[in-house]
Amino acid sequence: MDATAEVPIPPHDAALTPSALITIDYIDPPEAIAPFVTTLYHFRCDEPVIRDIQPAAIGQICLFPHGTGEIRFANGHCDPNHPVGLLTPLSRATPIVVDGPFHAFGAALTPLGWAALTGLHAGQHRDRLLPAASVLGAEFGALGESLLGAYRNGAMSGPACAGAVGDFIGHNLRPVNPRHLDLIIAVGGWLGASFNPDIGDLAGVAGYSARQVQRLVERYFGLPPRALARKYRALRAAALLSGPHLAPEDEAAIAEAFFDQSHMIREITHFVGRSPARLSDTATPYLAELIDSRNLRELRN
């Protein structure tokens, strides 16, 4: 899939599930797994049909005790929401439609967490919702089914189930090549330093050539450096624009980050799934939470 292709606002943009009907709890991960997990979460909505948009995101472990639906990707491929699922890193905003009630819990993985837990090449496997056991093994498949049962019968709460997912992550992380780890940290800092970071600043990172950096960034972050910078420029700008107050210096920085207003609209729509005018819409809580600055914490790892 061409991650740089322009896409229109999804057709159901004006008919999303209202905020009053959705509840989301974000739970800080334990310190031991904080470099690998941005947040644990518990989502629920009891409407008969739930429509929303998943922004371009990092990988997630996602379990669905209630609700059946699908996610349709830009290349036309469609995956169901497997009860014990693994959402791979997304290259652009993607609509979701679920027959409710819809409940979910799980963990959002940093690029380091994705690598250490799954071992998968993020670029080669982006834009999919996979059965988690196919990647994480039968042990996690069994744990997931047990957690789903405990949630459904009331034996465990959503946050407790999310915590159990975090425990599994902590016990199943694999070592990452130390030089690759240096690169991951450097790229996170590079993305967070500017809305338009200079690709040339990555030259020689961790002792790698420009070609090697290009290849490794796509392996760990899902996109090559230039497209990755575009993605995080849009996400960071959207996080600021969705807040209740925009500081003058942030407004100026956003204005300088894009060629013009139409460019900003296209980029935010492509990666976030909304025009800037819709970002502060109180009827889009799922989107607002996912682009909150705390969920871009991987930029500081």
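The values are calculated or read from the model by the stated rules, or taken from the named source; none is laboratory data. As the structure is a prediction and not an experimental result, all values here were calculated from the model. Note that each Cβ is placed from the backbone with ideal geometry, even for glycine, and that neighbours are counted across all protein chains shown. Accessible surface areas use protein heavy atoms only, side chains included; no ligands, DNA or RNA. Shrake-Rupley method; radii C 1.70, N 1.55, O 1.52, S 1.80 Å.
Counting only protein chain heavy atoms and rolling a 1.4 Å probe, the accessible areas of T68, T17 rank, largest first, as T68, T17.
What the chain shows is 42 Å² of accessible area per residue, with the surface traced by a 1.4 Å probe over protein heavy atoms.
Among residues other than G85 with Cβ under 13 Å from its Cβ, the summed charge is -2 (Lys and Arg +1, Asp and Glu -1).
Going by a ≥ b ≥ c, the root eigenvalues of the Cα gyration tensor, does the chain fall in the rounded group (a/c under 1.5), the prolate group (a/b larger than b/c) or the oblate group? Taking the square roots of the gyration eigenvalues as a ≥ b ≥ c, the chain is oblate.
For every other residue with a beta carbon closer than 15 angstrom to the beta carbon of L136, add +1 if it is Lys or Arg and -1 if Asp or Glu, then tell me the sum. Around L136, the charge tally is -1. Shape class for segment 29-168, computed from the alpha carbon gyration tensor (a ≥ b ≥ c): oblate, with a/c not under 1.5 and a/b at or below b/c. Apply the a/c threshold of 1.5 to the C-alpha gyration tensor of segment 108-173 and tell me whether it is rounded, prolate or oblate. In terms of gyration-tensor shape, prolate. Result for the chain in a Gaussian network model with C-alpha springs under 10 Å: among T118, T110, T23, the largest mean-square fluctuation is at T23. Net length available on complete extension from R215 to I199 is 4.4 nm, with 0.36 nm assigned per residue and the Cα-Cα distance removed. Other residues with beta-carbon under 13 Å from the beta-carbon of L147 carry, at +1 per Lys or Arg and -1 per Asp or Glu, a net charge of -2. Its Cα centre serving as origin, the chain has a Cβ charge dipole (Lys and Arg +1, Asp and Glu -1) of approximately 680 debye.
Can you tell which of A252, A162, A57 shows the greatest fluctuation in a Gaussian network model of the chain with Cα springs below 10 Å? Result for the chain, Cα springs under 10 Å: A252 fluctuates most.
The share of accessible area on segment 13-75 that comes from carbon and sulfur is 51 percent, using a 1.4 angstrom probe.
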